[in-house]
Structures are given as structure tokens and as C-alpha cells.
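Heads up: the structure comes next, in C-alpha cells.
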There are 2 protein chains.
Amino acid sequence: MAAVAAATRWRLLLVLSAAGLRVTGAPQPPNILLLLMDDMGWGDLGVYGEPSRETPNLDRMAAEGMLFLNFYTANPLCSPSRAALLTGRLPIRSGFYTTNGHARNAYTPQEIVGGIPDSELLLPELLKEAGYTSKIVGKWHLGHRPQFHPLKHGFDEWFGSPNCHFGPYDNKARPNIPVYRDREMVGRFYEEFPINLKTGEANLTQIYLQEALDFIKRQQAAHRPFFLYWAIDATHAPVYASRPFLGTSQRGRYGDAVREIDDSVGRILHLLRDLSIAENTFVFFTSDNGAALISAPRQGGSNGPFLCGKQTTFEGGMREPAIAWWPGHIPAGQVSHQLGDVMDLFTTSLSLAGLAPPRDRAIDGLDLLPTVLQGRLTDRPIFYYRGNTLMAVTLGQYKAHFWTWTNSWEEFRQGVDFCPGQNVSGVTTHSQEERTKLPLVFHLGRDPGERYPLSIASTEYLDALRWITPVVRQHQEALVPGQPQLNVCNRAVMNWAPPGCEKLGKCLTPPESAPEKCSWPH
Amino acid sequence: MAAVAAATRWRLLLVLSAAGLRVTGAPQPPNILLLLMDDMGWGDLGVYGEPSRETPNLDRMAAEGMLFLNFYTANPLCSPSRAALLTGRLPIRSGFYTTNGHARNAYTPQEIVGGIPDSELLLPELLKEAGYTSKIVGKWHLGHRPQFHPLKHGFDEWFGSPNCHFGPYDNKARPNIPVYRDREMVGRFYEEFPINLKTGEANLTQIYLQEALDFIKRQQAAHRPFFLYWAIDATHAPVYASRPFLGTSQRGRYGDAVREIDDSVGRILHLLRDLSIAENTFVFFTSDNGAALISAPRQGGSNGPFLCGKQTTFEGGMREPAIAWWPGHIPAGQVSHQLGDVMDLFTTSLSLAGLAPPRDRAIDGLDLLPTVLQGRLTDRPIFYYRGNTLMAVTLGQYKAHFWTWTNSWEEFRQGVDFCPGQNVSGVTTHSQEERTKLPLVFHLGRDPGERYPLSIASTEYLDALRWITPVVRQHQEALVPGQPQLNVCNRAVMNWAPPGCEKLGKCLTPPESAPEKCSWPH
């Protein structure tokens, strides 16, 4: 209650402040720290049942805050998920999808032409109004071409890369991925920022940690509220860890990476306490999509009891670990069944800053403050998209699948398996099965693993559909899809000559421009 | 350290006491309370990641004590598992197996002729030497014929039934299962002890709870150390709960049963504290085998991230939830990776009582006191049997399968599925596949779900086998199998006329004796 009152007070103060009435000695809105993991799965944390229990810091964070059991991403793939987090909008609205094939996942490899449209309002742009300084550390993934960069979209600082750390490349067929400080590149992965694929050694998580600690200290010293988006990539394949962590996990290299992240989160929270700003910093930990089971067990994590993984719209593809931490405000030891979504971090952050979400566009994010501060539950749907196809929806405990698909038989026969060891007849299908007339419905409480569809003859099935159908209809009728950004690829737009390359002597010559439709196999 | 010293002191005192030197005012050895669940799975507790988090009391018990992550049963089926717990010996030694078929699970339905042999020494028999009063509440399952009953094998009191609560029967082809108080039946399931299969309502867990609370109070009042074996059966199909719990879980009826059990455990621990005997009562919570996925989701639980369930020798069949609780002795908030086994409860209980295990026979149980009191880890193998066939062994993080089998193609085609939704090629086989020459080896840390066998060409594979092979050879060379008890069935031995039936007018007439080989399909 006290916390809500405080939030209201900030909001009032910020309204006054926006009106030019500066209030001296007014309390600052809380800092916002979003810790976004890359391909980490629900089942990778001890607190979610990982049998090796190697995440003591994250488990403690959960014990000191609120653990979400039903928290989702907005897409089973990285770029659209991140676009959703920063815009508060489904990727279908912001344009972070493709129409090149039916129900295809798409992202931003370095041949992508598109990126985050200027028309989208990103969280750091809006937080500026409330006086926040914003930094992204790590992976951007909303377009690597200069017009799409973080500093063009509200961030004040950036340390990290625009794309995944795939490689090494020969800088002929493809350039290595650049690493930026703010507007200019400072090197490339596998060059100035080495990743040893054989040993798995890389210092990147340590560098990202230092960037976070330094930023927090600087903002605290300057008495400025900050938004830090810590979007590290250590559990995305190729998986890496720094030397002190290599070989320390019972889970192999993937576990080493998790341990280093866990340790880093512990250090960040420790610094907040040390600086006496823990009670003024809202921290949220989550991941961009489910564990990439296709890379497991050495390069991929665990989705616990859930079905399949990254790339799919089963629970393993989209249910995420999620912890909210804000000492003195969020009561310790809470567990919430609120259906949450990464898009809620947009709306919740605005609420923390005393700002209202934009009114000129549809916003899908929910303000989670009533949930984290008072334990309130709000009914809301979770939509599961692949491309512009609504694959499934969850409302309450019921999930209805309108389409089922993992990947094509052709890919599957070549060994591409998003559900290794799992096979639910009629559910994990390798042809795109339309179920819009008779959706497959699961009760996720009794059957979190999506193994037992409800009988279509049951009253429960009919009741569930009667609840879900109008919600879906309303969503679809009101939906205005954005211009798809992930349709066109061109080798000429790759990271040949990023800003700053001249200073480093690291500019490469791009090939002839040859735009083509991107190929999205699944 | 203080606790170990105390245990040593008891031992000394008990040695003096056994030598006739009564010590007045000597401290009592601790009470022992074993909470054994029936078909509850590793993944059914919040603390192990069950997504609905409906076990606050068990989660608290874990937070106040030690949670085991690698605790096993000695067999994937109830009767042999319970025989192992009470004898400290593998079922192959005590005779709790069948040789009617290769690698077949067997138990004690009411047509079974055999039961626990008199030559076996059961925990309550041994605890008598240290002055314990022992009670079993719930399911015995070590033979229903009078010579096998608990009071013939060391228990002082019994409330419960000798067999599973299957039914209702017509008392013609089969009698309903009797419920005993001590030596005599007091009624039958579905008659005096109703279970409503339609609504799922039954008061049995409440009755079992009262039996536990009353026993504890009586023993505390009499200042007698007690051994209480609380072997309730609410999560074994047919699943039931009492009215206040029905419909309260997010997980359906199975979850209602879990909630009632969780509440009951909370009440038991609360009573121990209320009576100020918590610091003098060692409590251990575990289950007899993995969740029966064949009955899921309405009548079966969850094995979390593990492969398959009850009846199989995959992790889902034999890895169990396990919590040790002993305030003031076991430090709070501990998590252990010790490979533990239900047979360890035999040896550990003796150790608590200051007794040594019998020296005239092989004992497989380990004394877990160094683990729970000091966090020590001891290397030891876990053997996975089906009948008299060693299917697999785990040592450290490595598990080697010598045989793989779930069930026959014939059964599988009829819908009997021990691994619903799971299918690991070459692992979850429906023919009995011998792997003794080239075992399938898994690293359970990286791959707890047994999905990715190590390459037989890898150094890791060879190293693992070099470690495991001599341990298995030693085990097999020294093994003296007991006389198999689960080979012969006879409808004439069913519960037609249990002791006490005359008083109740509930004796039924048995059919002609017709001994036959029991049929064990899987």
C-alpha cells in the first residue's frame, strides 16, 4: 500500500514537473533494471526445479521478491521478443514479423534490411520524459543498420552488438559481428572480442557485468534515475563463459554460462544494496524465449516440464523464468500466477516512472505494479504468434491451439528437432495443421506439458472455448498489422562497414546490392 | 557437529543400556517419522518446480531442512520399494521380485501368495532394541496374508490396509480390500471406508492424519521414542481427497490430493513443534516410486524434467522427492546432491537409534547422518532393477543402461504408455534391448532427461564405463538373490476372511485353491 502511494506521489510530481513546476527535493522515480537472458529456459533456474541447483543468487532474488510462474514472451524468437519488450506491443503490430511464408519465425540476421521503425515508441524514448538516463548492455537485435541503432531510439548509451555472436566468419562471405560503444564500433566478435569455440572461453559476460556496474555507479553518483537494459547473450549458442567459471558446473558448458550469469546478477544486486539504492531500483529478470532444445544439452538449456522449446508456440517455446525484485516495495517470498508477458515490462516501467503509455496506438503490455505490490491478479490473454499467424492463445488455465506445427518434415528428417525426445501425437506436428474450427485445448494446470488435449465432447472444452473465442475475435478484429520488417534480405547491408570502422581500420567492402526475400524455413 | 556428538552419546548410552546398565535421566534417541508417499513424483512439489506451487508446507519443510535432488527408490513399483525401505536391502535380496518373466515388475495384489519373509529383519523389529514403539499408518504392501502383517514384523500398531485401494469389487469375483486396526480388520474400502470414484471424495487422508497425530501425542505423553511410518496412498489411483480439498487445486483432483497431503504434513510438523519434540524428531519425506504417468493428468502426477514414470527404470520411474527435517540438527536451507535411496532410511534410522545395521546379511542402505548433519557426500551406486534384471546403474553423474524397455509393443498398442508424450529413439524401447556389451550412458547433470546418450567413441564414455564396470561386477559377483516371493498367485488367498472378519460379520467364502504363476506383463 505504501509503495502504491509512493508511485502515485511520483506520478503527481512528474505531472507537475512536466508542467514546468520543478519540485526541489522531490523523490526520484525508481531506477529500472531489466535483466534479459538469451535463450535461457524456465527450467534453468534452481527455483524452477533445475536438478543441479546452481543459481543461488537468482534463487535468493526470487526469495526476496516475486517469482512468476506464468510469465511469457511475446514470440518464440529473439528479435520479435525484444521488439515487444521495448515497445509494449505484439510484433505483429510493430512490424517485427515476416509474411514470406505461412507461420514463419523471423529475426534480424545481418543480411536483414529492416529494423525497428521510427514510428515505434521505445521505452527509453518515453522514459526520457521522466528524466531517465538509459543504457543497453548486450544484444540489440532490432536492426543492425545505423538508423535502427539504440541511440537512435532513446538509449543514451550502448555497449554490445546488434546481432547474435555467431561466427567466426572470414570477413569475405560474411563479416564478423561488430561490438559497439554507443554510436561506433569498437571491435568485432572473434577479433577484438574473442570467443574460443573450442574451449568455450570468452570474457563477454564479465565485460557486460562491468558495463552494468559502472553505469549504475555513475548514475547513482549523479543522482539521476536510470533505465538499464542488461541483455546479455551467454546462454545463446555458441555458449561461452569466462575462465573462472569454465568447468565449474554439473551441467557442462551451458551450466558454466548460467553460473556466471547467476554470479553476475548477484554482484549487481549486491552493488544496489551497497549503494543504498536497492529500495529505489525495480529489477526484473526474464528471458527472450524458451531454451533452444535443438542445441541441448551442451549448448542449450531446459524448459522444465514444458513441451518443446524455442521456435515453437508450445509452453517450452514461450514460458519464461521471471522474477521481480524491489526490496521494501515487493514483499519477499511471493509467488504469482498472474499471466505476465515481456510486453508488461514496458507498461510497468512507464508506470514506475509516473508515465502513462502512449494513447495513439494499441499497447499490449499490462501494468504489473498491482501484481507485484499487492498480489492482484488480472485476467488477460497471452497470444502466441508465428509470423502473422495466431497459433494459440492462453486465458486463465486454458490454452487453445489454432495451428500446430514444430517444423517441416524435410527439416525434421535432416535432424532439426525443436522437441527432442518429445512427441505428442497430433500436437507436435511436422505439417502445419489448422485447428481454427476445432482448436486443441489444454488445461495447463493439470497438464502443463500439453500432452492431453481436452475431449471436444466435454463440457469443459465447450466452456473453455466459449470463454476464449470472443477474446480472440476481438483481438483479431481490432488488429492492425504493422508493415512487415523481416521480409527483405540483402548481403550488401551486412556489417561490412559499421560506423567507426574507419578509425579502427576495420571497414570491409560490401558486395553489390542484391535484395531478395529472406528465407525463413520454420 | 553438536548433533553428531549427541548421536554418539545416544549410541554409547544404548550400548550401556543393552549391557544392562540402565542410565537414569539419559537422553532419549530421537523419534523417527517417515512420510512415504504413494506414486507421488519428483515434479509434484513446488520446491521441485511444479508450476502451480501448491505445496507451501512441504516447501517450508525443505527450507527448514535438507532437500535431496538425487534421491532414489529401490524399485519403480510400490511393494518392492517398501520392502527395500523397511529392510535396507535391494528387493532382489529380500525376495521381493519375480522370475516369471524377464525383467518384470511385480507387486502384491491380493492374489499374491508370498510376502515379506520371516528371515528379513525389518526396521521396527530392530528399533525395539532401542526402546522404540512403532506404528504404520496406511499401506503395508508386503503381503496381505496374516503371517506377513506388520505386527508380525515389528510394528506395535497398524492402521491401514495391506493392499492398494483398488475397487470397488463385488465381493464375489474379488473381495474389497480390508482396513486393519492392528491385528484385525475394521472394515473394507468402499464399504466402511468409502471412496467415491465419481466425485473423488474420501476421508482417508484425514483418518490417516488423525492416526498420526494421536500416536505422536500418546508417545510423547508416555516419554517413549517412536517410529512412525506414515505410508498414505492418496496420490495412487484412484486418487481421492476429502471434501474441503476437492476442487481447490489448479491441478484437478490429483492436485487436490497433493494439497491435502501438504496440509497434513504441515499439521504433523506443527504438532511436533507444539509438543516441543521437533528437535527430537527426525522426519523424512519421500515417495515409493515415480509418478504414474499412465494415469496422468487426472489420476497421476509429474516427474518434472525426467524421462517416463512408474514401472520404468528411467529417472522418472525412480528419482523421488526427498526432504530431511530435524530442527536444531539439520541446518536449514540445505540442498544435497548425495545419491540417496529409500534403503538409506533403514540404516539412517538405526544410526539415529544408536544401533548398528545387522552384520549377518548384505545391507544396501547408507547412513545419511553425515550428509544431513554435515553436508558430506559419499560415492555410492544406485541400482535400477526390474525383477532380477539389473537394468541400469548410476554412479556420480553417469547412468549406464544395460537393458532398455518401457513395455511391450502389444501393451503399448493397447494404450498402456509409461512415457506419454516422450519418445527417445533407442532409449524408450518397446522391445527389451540388451546393452550389456555397449551400455547406453547418460550424463545426468547435462542431460537429466536421458535424451542424449554419450557417443560410444568418446573418451567421456570410456572413462564413465571404466568407473562403473567394476562397481557393477562387484555387485553382481557378491549378490545372493533371495527366494522370489512374487511368483505364485492364488485367488483363494485373497482378502476373503481377514482376521477379525467374524466380529464384523464380514467373512466371505474363498474359492477353491488354484495356485498359478502370476502374470506380470511389464
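The values are calculated or read from the model by the stated rules, or taken from the named source; none is laboratory data. All figures in this text were calculated on a predicted structure; none of them were measured in a lab. In this analysis, Cβ positions are derived from the backbone assuming ideal geometry, glycine residues included, and neighbour counts consider all displayed protein chains. With ligands, DNA and RNA removed, areas are computed over all heavy atoms of the protein, side chains included. Shrake-Rupley method; radii C 1.70, N 1.55, O 1.52, S 1.80 Å.
Quick notes
- At least 20 Å along the helix axis (C-alpha) and Kyte average at least 0.0, DSSP helices within chain A: A:2-18
- Taking each DSSP H run with n ≥ 4 as -39500 (n - 2.57) and averaging over every residue of the protein assembly as shown yields -7500 deg cm²/dmol at 222 nm.
- Cα centroid separation, the range A:128-146 to the range A:180-238 (Å): 13
- Residue-averaged beta-carbon neighbours from other chains (10 angstrom radius) around B:46-55: 6
- Debye, to nearest 20: dipole size of the protein assembly as shown, +1 on Lys, Arg Cβ, -1 on Asp, Glu Cβ: 340
- Label spacing, shortest first and in nm, from A:Thr459 to its equivalents in the remaining copies (7 angstrom along Cα→Cβ): 6.5
- The charge dipole of chain B, taken about the Cα centre with unit charges on the Cβ atoms of Lys, Arg (+1) and Asp, Glu (-1), comes to about 460 debye, rounded to the nearest 20.
- Highest mean packing first, where packing is the average number of other Cβ atoms within 10 Å per residue, the peptides A:486-492, B:281-287, B:162-168 line up as B:281-287, B:162-168, A:486-492.
- Under a 5 Å amide H cut-off, with hydrogens placed 1.01 Å from N, A:Met37 pairs with A:Thr286, A:Ser287, A:Asp288 among residues at least 5 apart or on other chains.
- Rounded if a/c under 1.5, otherwise prolate or oblate - the range A:323-389, Cα gyration tensor axes: oblate
- Ranking B:Asp39, A:Asp367 by solvent-accessible area of protein heavy atoms (1.4 Å probe, all protein chains present), from largest to smallest, gives A:Asp367, B:Asp39.
- Probe 1.4 Å, accessible area per residue of the range A:218-333, Å²: 26
- Ranked order, B:Lys506, A:Lys503, A:Lys135 - accessible area, probe 1.4 Å, largest first: A:Lys503, B:Lys506, A:Lys135
- Each copy carries B:Gly415; placing its label point 7 Å along the C-beta direction from Cα gives inter-copy distances of 3.9 nm, listed from smallest up.
- Shielding by other protein chains, A:421-431, mean Cβ within 10 Å: 3
- In order along the range A:327-338, the Karplus-derived 3J(HN,Hα) couplings, from 6.51 cos²θ - 1.76 cosθ + 1.60 at θ = phi - 60°, round to x, x, 10, 8, x, 5, x, 8, 10, 10, 9, 3 Hz, and Gly and Pro are given as x.
- In Hz, Karplus ³J(HN,Hα) per residue of the range A:483-498 (6.51, -1.76, 1.60; θ = phi - 60°; x = Gly, Pro): 5, x, 9, 10, 9, 10, 10, 7, 4, 5, 8, 4, 6, 6, 9, x
- Inter-copy label distances at A:Arg243, shortest first and taken from points set 7 Å along Cα to Cβ: 7.0 nm.
- Panel note: contact residues of the range A:312-355 (accessible area lowered by at least 50 Å² against the chain on its own; 1.4 Å probe) correspond to A:His337.
- Taken one residue at a time, the phi angles of the range B:388-396 give Karplus couplings (6.51, -1.76, 1.60, θ = phi - 60°) of 9, 9, 6, 7, 6, 9, 10, 9, x Hz. Gly and Pro are set to x.
- Distant-in-sequence amide contacts of B:Asn70, defined by a placed amide H-H separation under 5 Å and a gap of 5 or more residues or a different chain, comprise B:Gly340.
- Checking Cβ-Cβ separations below 4.7 Å across the protein assembly as shown identifies A:Cys78, A:Cys164, B:Cys78, B:Cys164 as cysteines lacking any candidate disulfide partner.
- Solvent-accessible area, 1.4 Å probe, carbon plus sulfur percent, for the range A:31-379: 49
- Accessible surface for the range B:389-478, divided over its residues, is 45 Å² per residue with a 1.4 Å probe.
- Averaged over the residues of peptide B:396-402, the number of Cβ atoms from other protein chains lying within 10 Å of each residue's Cβ is 1.
- Of the trypsin sites (Lys or Arg not before Pro) found in the range B:275-361, those that fall in a DSSP loop while having at most 10 other beta-carbon atoms within 10 Å are B:Arg359.
- Sulfur and carbon atoms: percent of accessible area, the range B:389-478 [1.4 Å]: 52
- Chain A and chain B together bury an accessible surface of about 2900 square angstrom, both sides counted, with a 1.4 Å probe and no ligands or nucleic acids included.
- When peptides B:266-274, A:47-55, B:227-235, B:49-57 are sorted by average Cβ neighbour count within 10 Å, with the highest value leading, the order is B:227-235, A:47-55, B:49-57, B:266-274.
- Mean separation of Cα contacts under 8 Å (6+ apart) over length of the range B:31-379, as relative contact order %: 30
- Highest average packing first - A:62-72, B:203-213, Cβ atoms within 10 Å: A:62-72, B:203-213
- When chain B is turned onto chain A, its residue with the beta carbon nearest the axis, and that distance in whole angstrom, is B:Gly49, 1.
- The trypsin sites (Lys or Arg not before Pro) of the range B:191-232 meeting both criteria, a DSSP state outside H, G, I, E and B (loop) and at most 12 other C-beta atoms within 10 angstrom of the site's C-beta, are B:Lys198.
- Summarising the strand pairing of the protein assembly as shown, around 55 percent of its internal DSSP beta bridges are antiparallel.
- Those GluC sites (Glu not before Pro) in the range A:118-199 that DSSP places in a loop and that have at most 15 other beta carbons within 10 Å: A:Glu129, A:Glu192
- Heavy atoms of B:Asp379: accessible area, 1.4 Å probe, square angstrom to 10: 110
- For B:Val335, the residues whose amide H sits under 5 Å from its own are B:Leu67, ignoring neighbours fewer than 5 places away on the same chain, with H placed 1.01 Å from N.
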